[in-house]
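To start, the structure itself, in C-alpha cells.
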Amino acid sequence: MDVISIIGTILAFVVLIVGAILKGTDVSALWNPAAFVIVFIGTISALLLHTQGKVLKRALGMLKMVYKPPQLHPSDLISRVIGWSEISRRQGLLGLESHIDAENDPLVKKGLQLLVDGSEPEAIRTVLELEVETREQADLHAAKVYEQAGVYSPTMGIIGAVLGLMAVMRDLTDPAKLGHGIAAAFVATIYGISLANLLLLPIGARLKSLINKQTQVREILIEGLISIAEGDNPRQIESKLQGYLV
C-alpha cells in the first residue's frame, strides 16, 4: 500500500473539517443532501455521457493503482534480461523456451516467444512497441476520466449554488432564514471545488505518472530483448540498459 497516497486522501477530508471549525462554521453545515446529489450525481451523469463504457470501466479498475501501485523494479528487470542473455549465449535462443511459462507478464511472455521463434530484431521491436503504445494510450484515456471529472464537478458546484440561491430568493420575506439559505447554497460550491482539487485532479495526475513509469520499464524490456536478438554480450546489454536508470 502507498502510505503517502492514503495520508493525502485522509488529509483532503481533514482539511475541510478542520478549516470549517477554525472559521467558526458548524461541521454539520457541510452536509447538504441536495448539494450532494447535484455535484456527485451530476458529475457521474456527465461522465457517463462523455465517456465510453469500456474506458470508464478501465478507469475504475485503475483507481486501486493510486493506493496500491504496481511494483516496478527496473534494476531487477535488467538483471533478468542479462540472465536471459547469458542463457542464450550458452544454449542458444531455444534455451529461453523453458523460461516462458514461468513469466506472469504477457509482454515478457510474448517477447521471449518472439526470441525463441527466431524473429528479426526489427520485427520484435515493431510487435512489442505496438502493444506497449496501445496499452499506454488505453491507460492514459482511462486516467483522463478523473481529469474530466475534475473539470465537471466545480461546474456542478456552481449550478448547485445558483439553484440554492434561487430557492432563497423566492422567500425574502423572512430575513431569519436568509443567511442560513445562502450558506447552504454555497455548500455545493465547496463540494464541487474540493472534489476536483483535493481528489479527482490529483488522482488523474498520479495515474499518469504511474503509467509513464510502467512504459519506461516496458521500454527497458524491449531494448533488452532486441539486444539479445542482435547477439550483444551481457556486458554490452547491461551498459545500454543502465542508461534508463536515474
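Key figures for this structure:
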{"read-out": "Pairwise centroid distance, computed over Cα atoms, of the range 188-204 with the range 66-115, Å", "value": "41 Å"}
{"read-out": "Label-point gap, in nm, between Gln236 and Lys64 - each point 7 angstrom along Cα→Cβ", "value": "4.3 nm"}
{"read-out": "Calculated FRET efficiency for the pair Lys57/Ser209, C-beta based, R₀ 22 Å, to 0.05", "value": "0.50"}
{"read-out": "Whole-percent carbon and sulfur share, accessible surface of the chain, 1.4 Å", "value": "63 percent"}
{"read-out": "Whole-Hz ³J(HN,Hα) from phi, Karplus 6.51 cos²θ - 1.76 cosθ + 1.60, for the range 66-71, glycine and proline x", "value": "5, 9, 9, x, x, 7"}
{"read-out": "Evaluated at q = 0.13, 0.16 Å⁻¹: base-10 log I(q)/I(0), Debye formula over Cα of the range 3-126", "value": "-0.80, -0.98"}
{"read-out": "Distant-in-sequence amide H partners of Asp2 (H built 1.01 Å from N, under 5 Å)", "value": "Lys68"}
{"read-out": "C-alpha center-to-center spacing [the range 214-246, the range 6-39] in angstrom", "value": "49 Å"}
{"read-out": "FRET E, pair Asp2, Met166, Förster distance 51 Å, beta-carbon r, rounded to 0.05", "value": "0.75"}
{"read-out": "Chain lengthening between Ser79 and Asn197 when straightened (0.36 nm per residue, less Cα-Cα)", "value": "38.4 nm"}
{"read-out": "Mean projection area, nm², convex hull over Cα of the chain", "value": "16.6 nm²"}
{"read-out": "Per-selection metrics, the range 89-184 (Cα): Rg and Dmax in Å", "value": "29.8, 92"}
{"read-out": "Relative contact order (percent, whole number), the chain, Cα cutoff 8 Å, 6+ residue spacing", "value": "32 percent"}
{"read-out": "Cβ charges +1 (Lys, Arg) and -1 (Asp, Glu), total dipole of the chain, debye", "value": "800 debye"}
{"read-out": "Accessible area expressed per residue, the chain, with surrounding protein chains retained (probe 1.4 Å, Å²)", "value": "58 Å²"}
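The values are calculated or read from the model by the stated rules, or taken from the named source; none is laboratory data. Just so it is clear, the structure is predicted and the values come from calculations on it, not from any experiment. No Cβ is skipped: glycine too gets one built from the backbone with ideal geometry, and neighbour counts run over all protein chains shown. To get the accessible areas, we keep the full protein, side chains included, count just its heavy atoms, and leave off ligands, DNA and RNA. Shrake-Rupley method; radii C 1.70, N 1.55, O 1.52, S 1.80 Å.
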